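First comes the structure, then the notes that go with it.
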Amino acid sequence: MLAPAVLWVIAFTFFPIISALHYSVANYVLGQGITGYVGLENYVSLLRDAEFWHSLGVTLIYVGVSVPLEVCSGFLLAWIITVGFPAKGFVRSVLTAPLFT
């Protein structure tokens, strides 16, 4: 019974990763396919691009702000539904309502 699970993991995890790595070292032209291999030139070009670094900075700021806010709000909501809060039942209903719709 393990074989189907292993095939599933190979098909939907390893194959896309290997395919992405293959395309990343190739010169791919839309409509023509792979026209040659450029090695690590694509990565060097990416690391020299100012727009990439700007995008990476914006992403890191977004992650640095949103993840702590989400974690803190999750802990706050968990605390509200476990302690004797007056609107505890209402908060619990609001949090679980999306599960039933």
From DSSP H assignment alone, runs of 4+ in the chain each adding -39500 (n - 2.57), the sum over residues rounded to the nearest 500 puts [θ] at 222 nm at -23000 deg cm²/dmol
Here the relative contact order (percent) of the chain, from C-alpha pairs under 8 Å and at least 6 apart, is 10
Point-to-point label distance, H54-A87, nm (Cα→Cβ direction, 7 Å offset): 4.2
In nm², the average projected area of the convex hull spanned by the Cα atoms of the chain is 13.0
So between A3 and F75, what do we pick up on full extension, going 0.36 nm a residue minus the alpha carbon distance? 21.9 nm
Residues whose placed amide H lies under 5 Å from that of A26, excluding near-sequence neighbours: V38
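Bear in mind that the values in this text are calculations on the coordinates, not laboratory data. Bear in mind that the values here come from a model prediction, so they are computed numbers and not experimental data. Quick reminder, even Gly has a Cβ in these numbers, built from the backbone with ideal geometry, and neighbours come from all protein chains shown.
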